[in-house]
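The values are calculated or read from the model by the stated rules, or taken from the named source; none is laboratory data. Just so it is clear, the model here is predicted, and its values are computed rather than measured. Don't worry about glycine lacking a Cβ; one is built from the backbone with ideal geometry, like all the others, and counts go over all protein chains shown. Quick note on the areas: whole protein, heavy atoms, side chains included, nothing else; ligands and nucleic acids left out. Shrake-Rupley method; radii C 1.70, N 1.55, O 1.52, S 1.80 Å.
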Amino acid sequence: MNTRSMIFTLYGDYISHYGSNIWIGSLIKLLSEFGHNDQSVRAAISRMNKQGWVSAEKIGNKSYYSLTPRGQKRIEEAAKRIFKLKPEEWDGKWRMLMYTIPEEIRNVRDELRKELVWSGFGSMSSSCWISANNLEKQVFDLIEKYEIADYVDFFIARYAGPHKNIEIVEKSWNLTEINERYQEFISEYSQKYIIDKNKIQKGNMTDAECFVERTKLVHEYRKFLFVDPGLPEELLPDKWLGGHAAALFSEYYKELAEPASRFFESVFKEGNELKNRDADYDALNHPYMVE
C-alpha cells in the first residue's frame with residue numbers, strides 16, 4: 001500500500017480525532033505495522049508538506065506534522081462520505097458545471113477534473129459535468145481555488161426530457177463497473193469479517209492486529225470515494241450493492257474499533273498529548289457514521 005495514501009488514512013481515521021497533530025516518530029512506528037520503513041514515511045510526509053496537506057513544526061529535537069486547514073477540510077469531507085451509510089434524498093435537481101478553460105492553463109483543467117470526480121461529479125461530455133447532490137459550496141470553492149470564474153458556468157436545473165433521469169446517469173457514470181467493485185469488496189471482506197469477529201470473541205486477535213485490519217478496511221473502502229458518485233436512491237439500479245457494502249463496512253469497523261484505538265493510543269501517547277483527543281470522539285460510535 002502506498003505510504004502517502006496510508007498516511008492520509010491514518011490522519012482521517014485516527015490522528016484527526018487527537019488534535020490532528022503527530023510526532024514523526026509515532027507515525028513511523030504506526031506505519032511499521034504495515035511494512036513501511038523510516039525513509040519512506042519521511043519522504044511521504046515531506047511530500048504532503050510541500051503539497052499543503054500538512055504543516056511541520058520542530059519542538060526541541062522532535063518534528064511534528066499537523067493537518068493544514070486544507071488538509072482538515074479534505075479529511076472531514078472524506079469522513080462524512082465514508083461513514084454515510086445510506087444515500088441522501090434527492091430534490092430532483094441536477095447541478096451542472098460547464099467550462100471552456102484555455103489550453104494555456106490545461107494543468108488547471110486537469111486538476112479541476114480530478115477534484116470534480118472526487119466530489120462525485122460525472123462527465124456528460126468533455127466540458128460538461130453533472131451531479132444530483134447538493135454540491136454548490138464545493139463547486140464555488142473550486143472556482144475560487146483555481147481562479148476560473150471567467151471560464152465556467154454553473155446551473156441548478158431539472159431535466160425536462162426527452163429521456164429519463166436514469167439515462168442521464170447511464171451516460172455520465174459506469175454504474176455496472178462500480179457495482180462489480182462493490183461485489184469484489186463484499187466477497188473479500190464478508191469472509192474476513194466472519195473470521196476476525198470469531199478471533200476477537202475468542203481473544204485470539206491482538207490490539208495491533210485489529211489496528212492493522214481496521215486501517216486496511218478504511219483504506220480499501222475509501223477508494224470508493226474516487227469512483228462512486230453517491231447518487232440518491234431514486235437514481236440507482238435495482239440490484240445496487242453500495243448499501244450492502246456500507247452495512248458490511250459499518251459492522252466490521254465497529255468490531256475492530258475499540259482494540260484498534262487502544263493500540264493507536266498506546267503508540268500515540270509516546271511523544272504526543274492524549275489530552276488533545278476530541279471530547280465527543282467514540283471509535284465505536286463514529287461521529288460521522290450516519291445511519
If every Lys and Arg gets +1 and every Asp and Glu gets -1 at its Cβ, then about the Cα centre the chain yields a dipole, in debye to the nearest 20, of 680
Gained length - residue 250 relative to residue 37, 0.36 nm times residue gap less alpha-carbon distance
73.6 nm
Taking every DSSP beta bridge that has both residues in the chain, what percent is antiparallel when rounded to the nearest 5?
95
Listed by chain and number, the lysines with an alpha carbon less than 23 angstrom from that of residue 62, same-chain partners under 8 positions apart left out, are 29, 50, 269, 275
Quick one: helix 3-13 against the long Cα principal axis of the chain, what's the angle to the nearest 10°, folded into 0 to 90?
90
Difference of contour (0.36 nm per residue) and Cα-Cα distance, residue 90 to residue 77
2.8 nm
Work through the residues other than residue 173 whose Cβ is under 14 Å from its Cβ and net out their charges, Lys, Arg +1 and Asp, Glu -1.
-3
About the Cα centre, charge dipole magnitude for the stretch 94-157 (Lys/Arg +1, Asp/Glu -1 at Cβ), debye
280
GluC sites (Glu not before Pro) in the stretch 123-157 lying in a DSSP loop, each with at most 10 other Cβ atoms within 10 Å of its Cβ, come to 147
If one takes the longest principal axis of the Cα atoms in the chain, at what angle in degrees, from 0 to 90 and to the nearest 10, does the Cα axis of helix 175-201 lie?
20
Distances longer than 18 Å among the Cα atoms of the stretch 94-157: what percent of all pairs is that?
23
Report the full-extension gain for the segment residue 164 to residue 125: residue separation times 0.36 nm, less the Cα-Cα distance, to one decimal in nm.
12.3 nm
Quick check on the chain: helices-only [θ] at 222 nm, where DSSP H runs of length 4 and up contribute -39,500 (n - 2.57) each and the sum goes over total residues. Nearest 500, please.
-16500 deg cm²/dmol
Relative contact order, percent, the chain [alpha-carbon distance under 8 Å, six or more residues apart]:
27
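Give the residue list of chymotrypsin sites (Phe, Trp or Tyr not before Pro) in the stretch 1-55 that are DSSP loop and have at most 16 other beta-carbon atoms within 10 angstrom.
Of the chymotrypsin sites (Phe, Trp or Tyr not before Pro), the ones in loops of the stretch 1-55 whose Cβ has at most 16 other Cβ atoms within 10 Å are 34.
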How big is the chain on each of its three principal axes, counting only the C-alpha atoms and giving the largest first in Å?
61, 45, 32
Can you tell me, using C-alpha contacts under 8 Å and at least 6 residues apart, the relative contact order of the stretch 94-157 as a whole percent?
57
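Rolling a 1.4 Å sphere over the protein heavy atoms, what is the accessible area per residue of the chain, to the nearest Å²?
It amounts to 52 Å² per residue over the chain.
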How far apart, in nm, are two points set 7 Å out from the Cα along the Cα-to-Cβ line at residue 104 and at residue 153?
2.3
Shape call for the stretch 174-269 from the C-alpha gyration tensor, a ≥ b ≥ c root eigenvalues: rounded (a/c under 1.5), prolate (a/b greater than b/c) or oblate?
prolate
With all protein chains present, how much of the accessible area of the chain (probe radius 1.4 Å) comes from carbon and sulfur, to the nearest whole percent?
48
How far, in degrees from 0 to 90, does helix 38-50 lean away from the longest principal axis of the Cα atoms of the chain, to the nearest 10?
40
Of 230, 242, 161, which is the most mobile in a GNM of the chain whose springs link Cα atoms less than 10 angstrom apart?
161
